[in-house]
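Notes follow the structure.
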Amino acid sequence: MSGITVYGIPGSPFLRSVEIALKEKDVPYHLHVMSPAEMKSPEHLKLHPFGRIPIFDHDGFRVYETQAIIRYLDEIYIHPPLTPGNPKDRTRMNQVIGIIEWYFFPKAAAPIAFNRIIGPRLLGLPSNEAAIAEAMPMARTAFAELDHLLGDKPYFTGETISVADIMLGAQLDLLSTTPEGAELIAVPWLERMRARPSFLATQPPEALRRAA
Ligand SMILES: N[C@@H](CCC(=O)N[C@@H](CS)C(=O)NCC(=O)O)C(=O)O
């Protein structure tokens with residue numbers, strides 16, 4: 001075994017990003033499934049003081065933050081590389097990751113996914129339509145810019161996938177099950193990502209794939 005354990009709740013796009021990277025590199029791992037009730041417990045906060053998932057452990061080397069985890073995997077398991085060798089492509093990858101982390105996820109994907117999927121499906125909460133409407137301008141800006149950065153390339157940095165494709169793919173696959181996501185998401189790139197064995201092997205639970 002690799003000595004790798006990943007902690008999280010299946011369905012989380014960030015957890016899935018780490019799992020996709022592991023599958024791309026064909027590295028075996030143990031998934032420690034957490035329950036929503038464990039989130040923010042004292043035990044959880046000891047592993048992740050910000051109370052989020054995923055958490056990663058490699059023979060006692062523990063780290064959280066998805067892109068840091070995937071970059072670590074990419075350094076220790078070098079085939080196939082998930083980081084381009086060319087500085088311009090690498091910078092483009094970093095730019096896309098920055099867009100996901102600063103604009104797209106917190107201001108668009110999270111409020112839409114929470115109010116269309118997590119709240120209604122997992123927590124029995126009604127959708128907050130005002131929060132969704134508030135997220136839409138950022139969703140449109142982010143999708144337009146990501147579409148522009150992708151251009152007519154198969155993947156964001158060219159012919160092969162990178163950390164950026166993995167992180168965005170995991171987010172968009174879930175978001176595309178919402179009416180808002182379905183309206184905005186550019187299909188050919190996402191279809192390409194969905195067809196990868198790493199994506200097929202890490203499907204979110206069925207209940208999350210049906211948006212409210
Ligand atoms: N920056 C973190 C974000 C992780 C994150 O937000 N995970 C979500 C699940 S997809 C979470 O833990 N949400 C729980 C919460 O917001 O309380 C990373 O890259 O790992």
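Assign unit charges at the C-beta atoms only (+1 for Lys and Arg, -1 for Asp and Glu), then state the dipole size of the range 49-141 relative to its Cα centre in Debye, rounded to the nearest 20.
Working: 10 positive and 9 negative charges, 57 e Å.
Dipole of the range 49-141, to the nearest 20 debye: 280 debye.
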Kindly write out, for the range 192-204 in residue order, the coupling ³J(HN,Hα) from the Karplus curve 6.51 cos²θ - 1.76 cosθ + 1.60 (θ = phi - 60°), rounded to whole Hz, with x marking Gly and Pro. 4, 5, 5, 7, 6, x, 5, 6, 4, 7, 10, 4, x
Mind checking the per residue accessible area of the chain for me, 1.4 Å probe, whole number of Å²? 48
Can you order the peptides 149-160, 60-71 by their average number of other Cβ atoms within 10 Å per residue, highest first? 60-71, 149-160
Once you keep just the Cα pairs under 8 angstrom separated by 6 or more residues, what percentage relative contact order results for the range 40-92? 17
Kindly rank 191-201, 136-146, 41-51 from highest to lowest mean number of other beta carbons found within 10 Å of each residue. 136-146, 191-201, 41-51
Amide H within-cut-off set for residue 32, under 5 Å, with H built and near neighbours excluded: 6, 7, 8
Derived scalar couplings ³J(HN,Hα) [the range 157-164; Karplus, 6.51 cos²θ - 1.76 cosθ + 1.60; whole Hz; x for Gly, Pro]: 10, x, 7, 10, 6, 10, 3, 4
Under a crude label model (7 Å from the Cα following the beta-carbon direction), how far is residue 101 from residue 40 in nanometres? 2.4
Search the structure for amide H atoms under 5 Å from the amide H of residue 62, placed 1.01 Å from N in the peptide plane, and list their residues when 5 or more places away or on another chain. none
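Could you sort 31-40, 168-177 so that the peptide with the highest average Cβ count within 10 Å comes first and the rest follow in order?
On the way: 31-40: 12.8, 168-177: 23.1.
Answer by packing, highest mean first, reads 168-177, 31-40.
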Normalised by the residues of the range 1-156, what does the relative contact order come to in percent, with Cα pairs under 8 Å and at least six apart? 18
Mind checking the dipole of the range 1-92: about its Cα centre, +1 per Lys or Arg Cβ, -1 per Asp or Glu Cβ, Debye to the nearest 20? 320
Carbon + sulfur, % of accessible area of the range 10-55 - ligands and nucleic acids excluded, 1.4 Å: 61
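What is the dipole size for the range 65-212, taken about its Cα centre, with +1 at each Lys and Arg Cβ and -1 at each Asp and Glu Cβ, in debye to the nearest 20?
Dipole magnitude for the range 65-212 comes out near 140 debye.
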Just to be sure I understand: of the beta bridges DSSP finds with both ends in the range 1-124, what percent are antiparallel, rounded to 5? 65
Vicinal HN-Hα couplings computed from phi for the range 63-69 (Karplus, 6.51 cos²θ - 1.76 cosθ + 1.60; Hz; Gly/Pro x): 8, 10, 5, 4, 5, 5, 5
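The values are calculated or read from the model by the stated rules, or taken from the named source; none is laboratory data. Just so it is clear, the model here is predicted, and its values are computed rather than measured. Using ideal geometry, Cβ is built from the backbone for each residue, glycine included, and neighbour counts are taken over all protein chains shown. The area values use the complete protein model at the heavy-atom level, side chains included, leaving out ligands, DNA and RNA. Shrake-Rupley method; radii C 1.70, N 1.55, O 1.52, S 1.80 Å.
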